[in-house]
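Structure first, then comments.
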Amino acid sequence: MKQTKKVFSILVILAIILIIFDLPTPPAIDTTILGVHIKKDFKTRLGLDLAGGTQLTLEADMAKIPQADRKDSLESAKQVIERRVNFFGVSEPVIQSAVSGELHRIIVELPGVTNTDEAIALVGQTAQLEFREHAKEPVATESGFVIPTIDNTISVEITGRDLKKSSLQFNSQTGEPEVGIQFTPDGAKKFADVTKRLIGKRLAIFLDNVVVTDPTVNTEIADGQAVITGSFTVDAAKQLAIQLNAGALPVPVKIVEKRTIGATLGADSVTKSVRAGIIGLGLVAAFMVVQYGWLGFLADIALLMYGLITLFLYRFIPVTLTLPGIAGFILSIGMAVDSNILIFSRYKEERRRGKPWQIAMELGFGKAWESIRDANFTTIITSIILFNPGNWSFLPTSGLVRGFAATLFLGVVTSLFTGIVVTRTLIRMFYRGAKQ
Amino acid sequence: MIRFMKYIWVYVFISSLVLIPGVYSLVKNGVKPSVDFTGGSIVEVKTQVPIEKSAIDEVVKDQKVPVISIQKQDKGAYLFRMGQVSEEQISKFIAALKIKSGGSSIDILRNDTIGPILGSELLFKSIVAAIFAVIAILLYVAYAFKDIKSGVAAVLALIHDVLVVFGSFSLFGYFFGIEVDTLFMTAFLTTMSFSVHDTIVIFDRIREYRKRSPNAPFADVIDVALTETMGRSLVNSFTIIFMLLALVLIGGETVRFFAVALLIGTITGTYSSPFVATPILLLWNKLEEKKKKH
């Protein structure tokens with residue numbers, strides 16, 4: 001009982017904290033704890049349909065592309081941009097190609113992006129990586145003064161296409177951020193040949209025709225690993241890694257327009273859905289009480305806790321809420337009572353067999369656990385595969401599918417917590433086994 | 001105890017009644033892709049005299065333009081996302097708008113053909129992910145129940161449910177012009193996980209009773225398990241169905257068919273666990289026993 005009281009007080013405190021952060025105007029945190037600066041606001045992120053966002057219009061320069069290939073080039077440029085935007089985080093962007101006559105454009109809509117400049121930089125960069133050797137090896141004494149340019153260097157035919165993966169990493173000696181790259185087997189072979197040939201000489205790395213770094217080759221590099229160092233900030237190195245991962249744009253693009261767009265859905269459709277949600281919730285709550293009496297009421301309180309936690313997580317992560325997202329959330333409330341229903345029906349069965357209620361309750365929790373575990377575990381597997389945390393290229397990296405997977409995952413884990421820990425604590429605290 | 005497994009032919013009949021027309025329509029007509037998959041047009045206009053949103057809605061309705069969304073822009077401009085329309089339809093639409101604004105001039109700021117939001121690449125990858133998820137589910141169920149048959153039965157029930165949802169929407173598309181959009185994709189993924197969830201609860205009960213009375217005939221074990229889980233299955237589905245019915249009836253236009261898809265998914269998901277997955281498990285076991293005897 002002592003243990004139960006402790007858990008119960010923790011849950012009450014948790015509920016109060018959650019209510020504070022779930023208020024319509026939540027507090028923002030902006031403080032320094034133990035030397036770490038924490039700045040976070042807890043507003044609900046709304047999607048394009050509910051709150052609008054930023055629209056960027058990019059125009060592709062098709063001058064050098066043959067007429068027949070233009071459509072394909074636009075499509076692959078769109079895909080590269082899509083990948084870049086999706087690497088950026090969980091939101092639900094809309095990316096579409098738009099053609100009118102000779103104009104080839106890509107429309108990118110980003111919900112609630114606060115730092116538009118960063119978004120523009122990420123979306124619009126070509127990110128063509130190229131390794132180039134010096135045409136004339138500078139004499140040792142003046143080596144520091146020769147700045148490699150496109151004119152005084154020759155391509156060694158290694159480009160972004162030979163990359164398998166790139167990532168942000170930190171130099172083990174200096175702690176400076178750098179971009180680690182890993183070549184494809186083919187690229188690794190080429191790179192080994194070039195580095196073998198150029199031992200003791202310089203090999204410059206160019207990004208979009210500008211030199212980033214100009215290191216001296218010390219040994220032959222045969223394992224297909226290399227690093228790009230330069231005076232990167234962490235953000236810059238991360239962005240470069242994202243751009244290299246997503247591939248270079250096949251055509252140069254420039255941003256022709258940037259503007260704020262309004263919501264596609266009126267406030268009216270949100271009100272309707274929320275009203276439907278409240279009515280549905282009321283029905284579920286009443287149904288639980290009718291079915292299970294006091295136990296149902298306790299489960300309803302746990303359900304309320306589920307709502308509080310989920311809303312908090314949506315704000316904390318943040319998950320961009322669209323109207324279908326809200327509908328999904330409403331649905332998840334219907335599903336969240338499932339573990340309680342499983343436990344309570346077990347309890348009823350044990351009671352029918354004549355067991356005293358305390359024992360029947362503990363048995364109910366114990367026996368229901370296996371099926372709850374197995375059933376929810378499959379859902380968790382599904383959500384992880386759909387979320388594609390490893391950014392594998394054969395699985396979707398789209399915001400749409402990811403957003404769904406993230407909310408599904410959160411819903412399952414939260415409902416496990418409320419359905420088991422919260423309900424059990426409430427029952428131990430308040431339930432006195434009433435009548436059969 | 002109810003003798004559920006005596007009536008397998010009834011379940012076969014009910015499933016075929018739903019599956020055959022649905023799958024037939026799916027093969028013959030497919031589903032009707034929405035603008036999310038096909039692309040369409042994007043038109044932006046700016047009127048000198050501001051028009052009320054309600055007046056614009058009226059024009060959209062009168063002209064039967066397939067407008068997907070209307071976004072209000074700065075300075076009295078409106079952005080329309082449309083399905084596939086002809087140039088002629090667009091000019092008619094703009095002419096009608098002009099009349100509404102009292103004949104003042106209308107600037108067309110943009111008139112572009114746009115590509116799909118959910119392109120073929122993404123669609124393909126989502127399907128690959130779904131297949132991976134199904135394989136993972138099969139392996140996990142087979143592992144949890146120490147029995148590959150359970151895994152296969154659960155997955156077959158899942159495929160049954162997915163076909164029911166797709167089949168229904170193929171029929172809806174054919175008869176009522178209902179389109180399949182990105183929301184439908186999420187409803188389909190939800191159905192997948194819900195279907196298995198329910199099946200596992202029943203299989204868990206079967207596993208428990210088999211352990212307790214290993215010599216009882218398998219059909220009896222199943223009947224006991226189903227009798228005892230039926231209450232829970234119905235209660236759980238009712239809570240979800242309450243939520244969805246509320247969304248279908250009063251949730252507004254935008255999420256209506258999303259909720260309908262989920263509703264169908266929930267109903268077939270609940271049905272398929274005792275009446276598709278479980279009979280498959282039983283029949284398979286019988287088949288194996290027969291083989292052993294021979």
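Here the contact order of chain A, divided by its residue count and restricted to Cα pairs under 8 Å and six or more residues apart, works out to 20 percent. Between B:LYS75 and A:LYS258, take the C-beta separation as r, use R0 = 22 Å, and let me know the FRET efficiency to the nearest 0.05. In this case the efficiency is close to 0.90.
With a Förster radius of 25 Å applied to the C-beta separation of B:ILE159 and B:ILE14, the computed FRET efficiency comes to 0.90.
Extending 7 Å from the Cα toward the beta-carbon at both A:ALA135 and B:LYS6 defines two label points whose distance is 9.4 nm. Extension gain, A:ARG161-A:VAL234: 0.36 nm per intervening residue step, less the Cα-Cα distance, totals 23.9 nm.
Quantify how much of the Cα-Cα distance distribution of segment B:40-114 extends past 16 Å, in percent. Value for segment B:40-114: 40 percent of Cα pairs lie more than 16 Å apart.
Taking only Cα atoms, what is the 0 to 90° angle, nearest 10, from helix B:182-212's long axis to the longest principal axis of chain B? Its long axis makes an angle of about 10 degrees. Springs join every pair of Cα atoms under 10 Å in this Gaussian network model of chain B, and among B:GLU228, B:GLU121, B:GLU179 the largest mean-square fluctuation is at B:GLU121.
What's the local net charge at B:GLU121, with K and R +1, D and E -1, over the other residues with C-beta under 11 Å away? Charge balance in the 11 Å sphere: +1. With the alpha-carbon atoms of segment A:129-248 aligned to their principal axes, the span from lowest to highest coordinate is 35, 30, 27 Å, starting with the largest.
Seen through its C-alpha gyration tensor, with square-root eigenvalues sorted a ≥ b ≥ c, segment A:266-430 comes out oblate because a/c lies at 1.5 or above while a/b is not bigger than b/c. Looking at segment B:1-83, the trypsin sites (Lys or Arg not before Pro) that sit in a DSSP loop and have at most 12 other Cβ atoms within 10 Å of their own Cβ are B:ARG3, B:LYS64. For the residues A:VAL270, A:VAL94, A:VAL290, a GNM of chain A with alpha-carbon springs under 10 Å puts the largest fluctuation on A:VAL290. Computed over the alpha-carbon atoms, segment A:197-325 gives an Rg to Rh ratio of 1.30, Rh here being the Kirkwood radius from the mean inverse distance. Each other residue within a Cβ distance under 10 Å of B:SER69 adds +1 if Lys or Arg and -1 if Asp or Glu, for a net charge of 0.
Ordering A:GLY334, A:PRO215, A:HIS104 by Cα displacement along the dipole of chain A toward the positive end leaves A:GLY334 in first place; charges were set at the Cβ atoms of Lys, Arg (+1) and Asp, Glu (-1). In chain A, a dipole from Cβ-located charges (positive for Lys and Arg, negative for Asp and Glu) runs towards its positive end, and of A:THR229, A:GLY53, A:ILE10 it is A:ILE10 whose Cα lies farthest in that direction. Can you flag which of A:LYS71/B:LYS125; A:LYS78/A:LYS258; A:LYS5/A:LYS43; B:LYS125/B:LYS149 are past 25 Å Cα-Cα? Listed pairs above 25 Å: A:LYS5/A:LYS43; B:LYS125/B:LYS149.
Within straight-line reach of A:LYS367, meaning a Cα separation under 21 Å, sit the following lysines at least 8 residues removed in sequence or on another chain: A:LYS348, A:LYS355, B:LYS146, B:LYS211. For the segment B:106-113, counting C-beta atoms of other chains within 10 Å of every residue's C-beta and taking the mean gives 3. When shorter helices are ignored and each DSSP H run of at least 4 residues is given -39500 (n - 2.57), the per-residue value for chain A at 222 nm works out to -16500 deg cm²/dmol.
For the residues of B:117-128, the average number of beta carbons from a partner chain within 10 Å of their own beta carbon is 5.
Neighbouring Cβ atoms from other chains, within 10 Å of the Cβ of residues in A:281-287, number 4 on average. Spacing of the modelled spin labels on B:VAL27 and A:ASN209, each 7 Å from Cα toward Cβ, amounts to 5.7 nm.
Compared with the dominant principal axis of the Cα atoms in chain B, helix B:120-144 is inclined by about 20°. For the options A:VAL99, A:VAL251, A:VAL319, a Gaussian network treatment of chain A with springs between C-alpha atoms closer than 10 Å singles out A:VAL99 as fluctuating the most. For A:ALA121 and B:ILE108, the FRET efficiency from 1/(1 + (r/R0)^6), where r spans their Cβ atoms and R0 equals 51 Å, is about 0.95.
With Cα atoms defining each centre, segment B:240-294 and segment B:144-202 are spaced 7 Å apart in the structure.
Only the coordinates and a few stated rules stand behind these numbers; no lab work does. Keep in mind that this is a model prediction, so the values were computed, not measured. Methodologically, a virtual Cβ is constructed for each residue, glycine included, from the backbone with ideal geometry; neighbour enumeration extends over all protein chains shown.
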